[in-house]
Amino acid sequence: MMKNILRLICAIILLTSALYAQKLSGIPGAFADVGFGARPIAMGGAFVGLANDVNSVIWNPAGLGNTENYQVSFSYFKQMQLVNYQYLSASASLSKEEKRSVGIAIISNGDEALREYTFYGSYAQKISFLLVGVSLKLRYASFGNNKLSESDFLVFEENEISQGILNQVKGNAIGFGLDLGLLYKLENDITLGLMLRDVASPVSWDSKTDNPETVTKGKYNENIPMELVFGSSFNIYSGVVLAADYYPSLYKESANRLRMGAEGVLFNIVALRAGIQRFISSEEMNKITFGIGLNIELSKMIFHLDYAYVNEPIQSTQRFAIRAEF
């Protein structure tokens, strides 16, 4: 049984890698994953092999099997001080013995010029020696809804302004995605993870203008680039964990990436975190992250207040999140 499952996993990895390696670009034009949850981000984004809280909905749905009771998390941040992101997730344990859990998440980002939504529905269960998880995603976007007025463009001629407003491109998009995740506890202190993000990810776009004589792109389809991630975590001491994720390049225009992070919890109250994101064989700059968490227990509830700082090459970003267990 174990050998058959391992063979199936290897076959899926090889097949998906072979199919997607032929694509021209691994750079997403929309619905880019900037990472969510202050705790995972503070650890450098190395969470696929750790995945043990409600953030697993996004990072590795198999990790929902490690959660107990109910969890809710909310996060808001401004990516590079430009784009607003809101992230809400929740999970519930259905059976502690069978490690069956469900989760949902909603991501909203952008403004009237381009607004994107992603809705997650996730399920995890232990099968034999593995935790297996799946996430189904619904994506929706709208663009070109920002209001324009002639007073905003006084440097142009009046006829140029009216023509520009008339030819403003607007429209929407809808699509879905499929994520598959696995977790395997090698020993009591070592866990291995695997994530196939956007195994299927078609998105249908539709664009138009108010000018009937203008030809736009109209209706067309595209796919969100797939990601393959190998993760691991190692509990080196009570309350201290190391994690590492490897993102092999599946496309000609993307680089191999390595994410590493650490977390240490003091007296079950204060959590200190740090990490790094490295681009292998690429000129892109590495990202350094660090953060802190505060755990507050009130009655039968535990509140986690998390902060992360990401040293971005262009503009650094701060992340704040609140997570509750009950």
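Only one of 242, 228, 294 is under 28 Å from residue 138 (Cβ atoms), in a strand (DSSP E or B) and modelled with pLDDT of 90 or more; which? Steps first, please.
Working: 242 fails: under 28 Å from residue 138 (Cβ atoms); 294 fails: under 28 Å from residue 138 (Cβ atoms).
Result of the check over 242, 228, 294: 228.
Can you give me the number of residues within segment 297-326 that are part of a strand (DSSP E or B) and free of Cβ contacts under 8 Å to residues at least 24 places away in the same chain?
If we filter segment 297-326 for residues that are part of a strand (DSSP E or B), which is where we start, we get 297-298, 301-311, 317-325.
If we keep only those that are free of Cβ contacts under 8 Å to residues at least 24 places away in the same chain as well, we get 297-298, 303, 305.
Count: 4.
Could you grab me the full set of residues in segment 275-287 that are surrounded by fewer than 18 Cβ atoms within 10 Å (Cβ to Cβ), in contact (Cβ under 8 Å) with a residue 24 or more places away in the chain and not acidic (Asp, Glu)?
Of everything in segment 275-287, those that are surrounded by fewer than 18 Cβ atoms within 10 Å (Cβ to Cβ), in contact (Cβ under 8 Å) with a residue 24 or more places away in the chain and not acidic (Asp, Glu) turn out to be 279, 280, 281, 282, 285.
Conditions tested, residue by residue: (1) of a type in the set (S, T, N, Q); (2) under 21 Å from residue 142 (Cα atoms); (3) in contact (Cβ under 8 Å) with a residue 12 or more places away in the chain; (4) part of a helix (DSSP H, G or I).
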site	(1), (2), (3), (4)
54	no, no, yes, no
57	no, no, yes, yes
62	no, no, yes, yes
71	yes, no, yes, no
81	yes, no, yes, no
93	yes, no, yes, no
101	yes, no, yes, no
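Just give me the residues in segment 95-129 being of a type in the set (A, V, I, L, M, F, W, C) and modelled with pLDDT of 95 or more, in sequence order.
The initial filter retains those residues of segment 95-129 that are of a type in the set (A, V, I, L, M, F, W, C), namely 102, 104-107, 113-114, 119, 124, 127, 129.
Passing the criteria: 102, 104, 105, 106, 107, 119, 124.
Here's the yes/no breakdown for (1) buried (at least 17 other Cβ atoms within 10 Å of the Cβ); (2) touching a helix residue (DSSP H, G or I) at 6+ places or on another chain (Cβ under 8 Å):
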| position | (1), (2) |
| --- | --- |
| 62 | yes, yes |
| 78 | no, no |
| 82 | no, no |
| 88 | no, no |
| 106 | no, no |
| 129 | no, yes |
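Have a look at 45, 35 and point out the one that is touching a Gly at 6+ places or on another chain (Cβ under 9 Å), at pLDDT 95 or above and either in a helix (DSSP H, G or I) or farther than 15 Å from residue 103 by Cβ (or both).
45
Taking segment 108-127 on its own, how many of its residues are crowded, with 18+ Cβ neighbours inside 10 Å and assigned to a loop (DSSP other than H, G, I, E, B)?
Residues flagged as crowded, with 18+ Cβ neighbours inside 10 Å and assigned to a loop (DSSP other than H, G, I, E, B) within segment 108-127 amount to 0.
The values are calculated or read from the model by the stated rules, or taken from the named source; none is laboratory data. Computed from a prediction, not measured in an experiment: that's the story for all the values here. Note that we place each Cβ from the backbone using ideal geometry, even for glycine, and neighbour counts take in every protein chain shown.
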